[in-house]
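Undergrad: Handing you this structure, nothing more for now.
Taken together, the values in this text are just the output of simple stated rules run on the coordinates, not laboratory data. This structure is a prediction, so every number in the text was calculated from the model and none was measured. Cβ coordinates were reconstructed from backbone atoms using ideal geometry, including for glycine residues, and neighbour counts include every protein chain displayed.
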Amino acid sequence: MATLRIVFSGLCTFAFKDRPLRDPEKPPTEVTVLLQRLIRARPLFNVATSRNEVLDQHFPLLEFDLGDFNPTSDRFADVHFKPDETGRMTKGVCCLNGEELTILLDGREMHPDSLTFSLAEPVKPESTQLTDDEIASLYWMATLEDVFPGNSKINPKLLEVEPGSNQPVLARVHLSEGNLRTLDLTDAPCTIVGSSSGFHRRVATTFELAVDFKNTVEIKMNARRNGKTSAKRLVLWAPGRKDLRIGIMNMEIDRVTGADPANGPRPEADFSVYADILQTKLQGTIPFLRQTSPGNPAGNAASTCVPSGG
């Protein structure tokens, strides 16, 4: 038995089915991950040095090891990158533009209502010596309710309408099986400026879904671009290995193109981006996430706009 590990990062929203993440009665068992259309730079609400900060272009991407590529695929990487010592490229990226992703495990779709996760609060959340289980908890996910108390409902049309190249959501994937966990945290606690929630803690910057399979993982990509539809399949396998790892992200594209990362810190998370997907539009001040100490929570080479839970 092998394990598929999907790492989620960048500007994406986990929209949990039927109930919020921290529902007091029963936790949700399925989630749809939304990757917004942010392919043009945009000004943010928060101001630094007397001017609005600017969010760089973000692109929905699916990353995989080229060594895991199965030749039965008819969806190929759009970009190859990360050469080894011989100059041979080791990574491939599919640029997602209007894609609905469906993950098949050994030819079958994920079992419904089989998603698991922990919401356990660490004994000392402020500690720098957390256990692996404490880090794995979704306690660290910054949710829309944390940021927009009482106004956190996602516009249902974004979940009903298929992604498209001209839609607010460029790509999405539905997850209903496996264990979802926090993978990485900001180095320092964060506050939400402009919100009444009293939020003050470290937050998750990446998440991982782990689910078992035997032989192959197939990712069906149904795309809608400019009024046309297409269906492609990316097939991956992990022969003789225990894990197959892929990344799904909404990120700046620097490292994929081989460009050097930005020298200075990029703007930190601004929830004006997430405010765009709310059912009720906000008026006035839009909250934003800010670390309580200087620094860049995701490092200069990656987006600092953390994923959010709905």
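Undergrad: Run through region 25-57 and list the trypsin sites (Lys or Arg not before Pro) located in a DSSP loop whose Cβ has at most 14 other Cβ atoms within 10 Å.
TA: Values: sites: R37, R40, R51; in loops: R37, R40.
Filter output for region 25-57: R40.
Undergrad: If I model a spin label at D18 and D212 as a point 7 Å from the Cα along the Cα→Cβ vector, what separation in nanometres do I get?
TA: 2.5
Undergrad: Now for a separate question. Return a whole-number percent for the relative contact order of region 145-235, with Cα pairs under 8 Å and 6 or more residues apart as the contact set.
TA: Numbers: 111 pairs, mean separation 23.7, N = 91.
About 26 percent, as a whole number.
Undergrad: Here's another thing I want to ask about it. Taking 0.36 nm per residue of separation and subtracting the Cα-Cα distance, what length does fully extending T90 through N155 add?
TA: On the way: separation 65, 0.36 × 65 = 23.40 nm, distance 3.88 nm.
Result for the pair: 19.5 nm of gain on full extension.
Undergrad: Sticking with the crude label model, points 7 Å out along Cα→Cβ, report the distance from Q283 to H80 in nm, one decimal please.
TA: Between Q283 and H80, the label points sit 5.6 nm apart.
Undergrad: Given a Förster radius of 25 Å and the C-beta distance between D113 and T3 as r, what FRET efficiency does 1/(1 + (r/R0)^6) yield to the nearest 0.05? Write out the running numbers ahead of the final one.
TA: Values: r = 20 Å, r/R0 = 0.82.
So, using R0 = 25 Å, E works out to roughly 0.75.
Undergrad: Give the distance, in whole Å, between the Cα centre of region 14-35 and the Cα centre of region 57-73.
TA: 27
Undergrad: HN-Hα J couplings of region 88-102 from phi, Karplus 6.51/-1.76/1.60, θ = phi - 60°, integer Hz, Gly and Pro as x?
TA: Result, rounded to whole Hz: 7, 5, 10, 10, x, 10, 9, 7, 8, 9, x, 9, 9, 9, 10.
Undergrad: Also, I was wondering about something else. If you average the sequence gap of Cα pairs under 8 Å that are 6 or more apart and divide by the length of the chain, what percent do you get for the contact order? Working shown, then result.
TA: On the way: 769 pairs, mean separation 97.0, N = 310.
Dividing the mean separation by the residue count of the chain yields 31 percent.
Undergrad: From the backbone phi of region 231-243, what are the Karplus-calculated ³J(HN,Hα) couplings (6.51 cos²θ - 1.76 cosθ + 1.60, θ = phi - 60°) in whole Hz, Gly and Pro given as x?
TA: Rounded to whole hertz, the list is 10, 10, 10, 9, 10, 10, 9, 10, x, x, 10, 8, 10.
Undergrad: Short version: ³J(HN,Hα) in whole Hz for each residue of region 215-225, in order, from phi by Karplus 6.51 cos²θ - 1.76 cosθ + 1.60 (θ = phi - 60°), x for Gly and Pro, what are they?
TA: 10, 9, 10, 10, 10, 7, 10, 8, 10, 10, 9
Undergrad: Hey, if you put +1 on the Cβ of every Lys and Arg and -1 on every Asp and Glu Cβ in region 2-309, which of L158, F148, L61 ends up farthest toward the positive end of that dipole?
TA: Comparing the listed Cα positions along the dipole, L158 ranks first.
Undergrad: In addition: Compute the relative contact order of region 179-288 as a whole-number percentage, counting only Cα pairs closer than 8 Å that sit 6 or more residues apart in sequence.
TA: On the way: 110 pairs, mean separation 22.5, N = 110.
Relative contact order of region 179-288: 20 percent.
Undergrad: Of all DSSP beta bridges in region 67-221, what percent run antiparallel (nearest 5)? Walk me through the numbers before you get to the answer.
TA: Working: 19 of 25 bridges.
Close to 75 percent.
Undergrad: Say R0 is 30 Å: what FRET efficiency, to the nearest 0.05, do D254 and D132 get from their beta-carbon distance? It would help to have the intermediate numbers written out before the result.
TA: Details: r = 30 Å, r/R0 = 1.01.
After rounding to 0.05, the efficiency reads 0.50.
Undergrad: Can I ask one more? Considering only T29, T205, T257, give the residue with the highest GNM mean-square fluctuation for the chain, with springs between Cα atoms whenever their separation is below 10 Å.
TA: Top of the fluctuation ranking is T257.
Undergrad: Relative to the Cα centre, what is the charge dipole magnitude of the chain, using +1 at the beta carbon of each Lys and Arg, -1 at the beta carbon of each Asp and Glu, and rounding to the nearest 20 debye? Walk me through the numbers before you get to the answer.
TA: Values: 35 positive and 40 negative charges, 153 e Å.
Here the size comes out at about 740 debye.
Undergrad: Shifting gears a bit: Taking amide H positions as placed 1.01 Å from N in the peptide plane, with prolines and chain starts having none, which residues 5 or more places from T206, or on another chain, fall under 5 Å of its amide H?
TA: Under 5 Å from the amide H of T206 lie the amide H atoms of L183, D184, each far enough along the sequence or on another chain.
Undergrad: Give me the number: length gained by fully extending A120 to T229, i.e. 0.36 nm times residue separation minus the C-alpha to C-alpha distance, one decimal in nm. Could the numbers behind the result be given before it?
TA: Values: separation 109, 0.36 × 109 = 39.24 nm, distance 4.27 nm.
Here the answer is 35.0 nm.
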